[in-house]
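Asks: Mind looking over this structure? Questions follow.
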Amino acid sequence: MFLDKQRFIDVLESTPLVSIDLVIRNRNDFVLLGKRVNRPAQGYWFVPGGRIYKNEPLKQAFKRLTQAEVGQTLEISGASLLGVYDHFYADCVFNEEVSTHYVAIAYSLKLESVSELPLEQHSDYRWMPIDELLEADDVHEHTKAYFR
């Protein structure tokens, strides 16, 4: 369900959003990261993911988000639950005046390869070793939390 801008701002001011984060590793145990285009976390490397829509079952959201974020429709049954995390941001997708709170449900999964990654939410993608992402200044702290 898409909301008009003002209604979405009202939601952001009033309640947390629920999202799925995809912690994707390859056979070398490198992690797939995307360079965020939009606020919040704009300009940072972050794991792919997105919000769950109202009345959207978790399994369906997982399929939709894997297709939208990595170009492949994947089943939640092929992933492992990492945990549930709070993500707090001082800004939101529309401006710097409204904060954002996500309750992120993180899932871990292995993919041997990905092809033709979508460039809507991310301007670029890369596979990064865990020790490197933990040290990098341009990898967001919320992504680093999945490996600490």
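The values are calculated or read from the model by the stated rules, or taken from the named source; none is laboratory data. Note that this is a predicted model, so its numbers are computed, not measured. Cβ coordinates were reconstructed from backbone atoms using ideal geometry, including for glycine residues, and neighbour counts include every protein chain displayed.
Asks: Which of (1) touching a Gly at 6+ places or on another chain (Cβ under 8 Å); (2) free of Cβ contacts under 8 Å to residues at least 12 places away in the same chain is the odd one out, the single condition Thr73 does not satisfy?
Replies: That leaves (1) as the condition not met.
Asks: Moving on. May I ask you to verify whether Asp86 is modelled with pLDDT of 95 or more and either surrounded by fewer than 16 Cβ atoms within 10 Å (Cβ to Cβ) or not small (Gly, Ala, Ser) (or both)?
Replies: yes
Asks: Now for a different question. Any chance you could count how many residues in segment 81-100 are under 13 Å from the mean Cα position of the chain (by Cα) and within 18 Å of Ala61 (Cβ to Cβ)?
Replies: The total comes to 3.
Asks: Which of the residues belonging to segment 40-58 are without any contact (Cβ under 8 Å) to a residue 60 or more places away in the chain and over 18 Å from Leu81 (Cα atoms)?
Replies: Answer for segment 40-58, where residues must be without any contact (Cβ under 8 Å) to a residue 60 or more places away in the chain and over 18 Å from Leu81 (Cα atoms): Gln42, Tyr53, Lys54, Asn55, Glu56.
Asks: Mind checking which pairs have a first residue in segment 1-25 that is within 15 Å of Cys92 (Cβ to Cβ) and a second that is loosely packed, with under 10 Cβ neighbours inside 10 Å and aromatic (Phe, Trp, Tyr), Cβ under 9 Å, 6 or more apart or different chains?
Replies: Taking only residues 6 or more apart or on different chains, the pairs are Phe8/Phe2.
Asks: Taking segment 1-53, which residues are small (Gly, Ala, Ser), within 24 Å of Asp137 (Cβ to Cβ) and surrounded by fewer than 17 Cβ atoms within 10 Å (Cβ to Cβ)?
Replies: Listed by number, the list holds a single entry, Gly43.
Asks: Quick one: in segment 100-118, of everything that is touching a strand residue (DSSP E or B) at 6+ places or on another chain (Cβ under 8 Å) and among the small types (Gly, Ala, Ser), which residue is surrounded by the fewest Cβ atoms within 10 Å (Cβ to Cβ)?
Replies: That would be Ser108.
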